[in-house]
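Since the structure comes first, as structure tokens, the remarks are kept for the end.
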Amino acid sequence: MRIVGLTGGIASGKSTVSNLFKSSGIPVVDADVVARNVLKKGSGGWKRVVGAFGEEILLPSREVDRPKLGQMVFSSDSKRQLLNKLMAPYISTGIFWEILKQWAKGAKVIVVDIPLLFEAKMDKWTKPIVVVWVSEETQLKRLMERDGLSEEDARNRIMAQMSLDSKRSKADVVIDNNGGLDELNHQFNMVLSEIRRPLTWTEFWRSRQGAFSVLGSVVLGVLVCKRL
Ligand SMILES: CC(C)(COP(=O)(O)OP(=O)(O)OC[C@H]1O[C@@H](n2cnc3c(N)ncnc32)[C@H](O)[C@@H]1O)[C@@H](O)C(=O)NCCC(=O)NCCS
Ligand SMILES: Nc1ncnc2c1ncn2[C@@H]1O[C@H](COP(=O)(O)OP(=O)(O)OP(=O)(O)O)[C@@H](O)[C@H]1O
């Protein structure tokens, strides 16, 4: 199985690119969705986070007040590091299960959309790594517009991540998303053909088909040996 890493910065366009992959029939594991499930009321992650940050981060429904928690962690490095530490094991386990589900379904190529792929050192599990890059100016503008944030809040969120230029330097494939959606589509089609190229042998052995081939060969080998 080929596990493509999709990353970038906040509001650089990862979800937009993820949706293009999904429309092309490629399954996507979304780390933000996994992280949201980790914070659902009553879950193990919720208990740890509420234990550390206190009940003031809860809404009357006892769900986490995400904008409030966001405000706290994106304006304090130590609080953000604490949240990352508490949630990381749940998020990585959640991502692992989602990948396993796709493996069991027989997917040959999957995309994992992880905003903090490099920061969380998960990059070694994915190949190739696609970085959706935009200039700081575009990033700030799109983030403020999409989330209705002040410039200060938007800058705090951008500063909480590794710079997009550093991420670009670690990428196997870069999508420059400064232009419009037509331009993005054009680049995406090139990335898609790269990602759909035949699996390498290593990728094949990692797929469900590869594992069954190994199992089949072993069973056949044993049966042949028994007859000798
Ligand atoms: C702080 C929280 C509650 C804010 O929730 P909110 O709904 O406002 O934002 P959302 O979850 O949609 O995240 C939006 C974007 O913020 C960025 N971001 C989220 N968490 C972090 C973080 N800890 N450090 C840096 N950037 C982050 C990502 O680019 C993400 O795509 C939430 O982001 C969270 O639980 N973060 C910790 C979990 C995490 O690390 N998520 C990233 C997945 S790898
Ligand atoms: N090429 C583009 N032209 C114009 N707007 C775009 C383009 N690509 C993305 N956008 C817009 O920019 C905003 C951010 O994009 P998107 O939500 O895909 O980013 P993201 O990287 O997934 O963000 P996050 O890290 O917060 O999940 C959205 O409002 C989206 O519609």
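The values are calculated or read from the model by the stated rules, or taken from the named source; none is laboratory data. Please read these numbers as outputs of a predicted model, since none were measured by experiment. Positions of Cβ are backbone-derived with ideal geometry, glycine not excepted, and every protein chain shown enters the neighbour counts. Heads up: the accessible areas ignore ligands, DNA and RNA and are worked out on the full protein's heavy atoms, side chains in. Shrake-Rupley method; radii C 1.70, N 1.55, O 1.52, S 1.80 Å.
The set of residues in the range 32-48 that are part of a helix (DSSP H, G or I) and among the small types (Gly, Ala, Ser) comprises 35, 44, 45.
Filtering the range 145-175 to residues that are touching a helix residue (DSSP H, G or I) at 6+ places or on another chain (Cβ under 8 Å), acidic (Asp, Glu) and either free of Cβ contacts under 8 Å to residues at least 24 places away in the same chain or on the phi > 0 side of the Ramachandran plot (or both) leaves only 151. Restricted to the range 42-87, and to residues that are under 19 Å from the mean Cα position of the chain (by Cα) and surrounded by 14 or more Cβ atoms within 10 Å (Cβ to Cβ), which residue is nearest to residue 155 (Cα to Cα)? Per the stated criteria, the residue is 70. Exactly one residue out of 110, 114, 26, 57 is under 30 Å from residue 211 (Cα atoms), within 12 Å of ligand 1 (Cβ to nearest atom) and aliphatic (A, V, I, L, M), and it is 114. Cβ-Cβ contacts under 6 Å between residues 6 or more apart (or on different chains), taken from a first residue in the range 1-29 that is under 17 Å from residue 172 (Cα atoms) to a second residue that is of a type in the set (Phe, Trp, Tyr) and near ligand 2 (Cβ under 7 Å from one of its atoms), are absent. Restricting attention to the range 176-195, the residues being open to solvent by 60 Å² or more (accessible area, probe 1.4 Å) and either of a type in the set (Val, Ile, Thr) or out of contact with any strand residue (DSSP E or B) (no Cβ under 7 Å at 6 or more places or on another chain) (or both) number 8. Going by the structure shown, is residue 175 under 19 Å from residue 26 (Cβ atoms) and more than 10 Å from ligand 2 (Cβ to nearest atom)? Here the answer is no, as residue 175 does not meet what is asked. Residue 120 meets all of the listed conditions (1) surrounded by fewer than 19 Cβ atoms within 10 Å (Cβ to Cβ); (2) outside any loop (DSSP other than H, G, I, E, B); (3) touching a helix residue (DSSP H, G or I) at 6+ places or on another chain (Cβ under 8 Å); (4) not hydroxyl-bearing (Ser, Thr, Tyr) but one, namely (2).
Working only within the range 49-81, note down all residues that are aromatic (Phe, Trp, Tyr) and either in a loop (DSSP other than H, G, I, E, B) or without any contact (Cβ under 8 Å) to a residue 24 or more places away in the chain (or both).
Let us first name the residues in the range 49-81 that are aromatic (Phe, Trp, Tyr), namely 53, 74.
Correct list: 74 only.
Enumerate the pairs (first residue in the range 89-107 and crowded, with 16+ Cβ neighbours inside 10 Å; second residue anywhere and of a type in the set (Asp, Glu)) with beta-carbon separation below 9 Å, excluding pairs fewer than 6 apart on the same chain, so at least 6 apart or on different chains. These pairs meet every condition: 98/30.
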